[in-house]
Amino acid sequence: MSLIYNRVALIGLGLIASSMAHAMRRDKTVGEITGTARSAETREIAREVGICDQVMDTAVEAVADADLVVLAVPVGAMEAVAREIGPHLKPGATVTDVGSVKRAVIDAVAPHIPDNVHFIPGHPLAGTEHSGPRSGFAELFENRWCILSPEDHTNAEALDRLTRLWKAMGANVNTMEIDHHDLVLAVTSHCPHLIAYTMVGVADDLGRITDSEVINYSAAGFRDFTRIAASDPTMWRDVFMNNKEATLEILGRFTEELFALQRAIRQGDEQHLFDYFTRTRAIRRGIIEAGQDTDAPNFGRGNTR
């Protein structure tokens, strides 16, 4: 595969960045990968694992002469990183991110990006419950979507180049308007995570069920809730603090739906429950048909990831 970027800098070396590094190295789409992380321990692990060609102690060192800079830090840390690296970015370079919120990231990052540098917000819809530099693997993005949110004046060549990189890593790429992205993700990711955290919290608070019973007798539904709720707490705290409007809108609708189901159960309305579950089951089938999961046992998830 042909070279797309000569040098890529990864700021933050968790699951997404380390998976990008493994995928880029596998496909030989970049010449050199530099990286850094705030934690000295993370940097040392990254050196041990061999994620990057060079792991730097600072973001300024990492971005030197980089053609692509990937901000792979929690949303709440984006502004500080952008302010730090802004004056040191190579003219003509592209800066992107992997945050699951877009409006807040743009507001935080864009003011610090020089006019001669291209900023293309991005969001790969891929992940596991694992985090950290040891968790990455090259296949993470295979047949998953990466959403890019370019502005109207975004350089077409820079957008095409970034798109080619994501496709080379196995992702399907689409563009989406910023605020619509945040609403869609509130439905498909943010609120489901919040509900999962809540359900696990309910089980923890319910004194009549012991911890051993919760652990030993977890059926598929609760088991999947705990998988989701194991995700990185710092990242999800920042997501909810930075996507308040869309999240609260969807939670309001969720509450209305939940009250309707409560009423149906209380009143013994079997038909309402059957019709509702039939309609929602069709969505699950659509996800399988789109290739975003399988109908294999354990929801198609193996034991290794």
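The values are calculated or read from the model by the stated rules, or taken from the named source; none is laboratory data. Bear in mind that the values here come from a model prediction, so they are computed numbers and not experimental data. FYI the Cβ positions are ideal-geometry reconstructions off the backbone, even for glycines, and counts take in every protein chain you see.
Name the residues in the stretch 12-69 that are in contact (Cβ under 8 Å) with a residue 24 or more places away in the chain, more than 15 Å from ALA93 (Cβ to Cβ), part of a helix (DSSP H, G or I) and small (Gly, Ala, Ser), would you?
Matches in the stretch 12-69: ALA17, SER18, SER19, ALA21, ALA23, ALA46.
Applying the selection to the stretch 146-196, what residues are modelled with pLDDT of 90 or more, surrounded by 15 or more Cβ atoms within 10 Å (Cβ to Cβ) and among the small types (Gly, Ala, Ser)?
SER149, ALA158, ALA168, GLY170, ALA171
May I ask you to say which residue of ARG223, ARG253 is modelled with pLDDT under 75 and either in contact with a Cys (Cβ under 8 Å, 6 or more places away or on another chain) or basic (Lys, Arg) (or both)?
ARG223
Restricting the search to the stretch 66-95, which residues are under 11 Å from ALA9 (Cα atoms) and among the acidic types (Asp, Glu)?
ASP67, the sole residue that qualifies.
Would you confirm whether or not the stretch 227-234 contains a residue that is at pLDDT 85 or above, closer than 28 Å to ASP204 by Cβ and β-branched (Val, Ile, Thr)? Give the steps one after another, and end with the answer.
We begin by selecting, within the stretch 227-234, every residue at pLDDT 85 or above; these are none.
No, the stretch 227-234 has no match at all.
I'd like the full set of residues that are among the charged types (D, E, K, R), closer than 30 Å to GLU79 by Cα and part of a helix (DSSP H, G or I), limited to the stretch 232-289.
Of everything in the stretch 232-289, those that are among the charged types (D, E, K, R), closer than 30 Å to GLU79 by Cα and part of a helix (DSSP H, G or I) turn out to be ARG237, ASP238, LYS244, GLU245, GLU249.
Can you confirm whether LEU3 is surrounded by 24 or more Cβ atoms within 10 Å (Cβ to Cβ) and under 20 Å from LEU162 (Cβ atoms)?
Considered against the rule, which asks whether it is surrounded by 24 or more Cβ atoms within 10 Å (Cβ to Cβ) and under 20 Å from LEU162 (Cβ atoms), LEU3 comes out as no.
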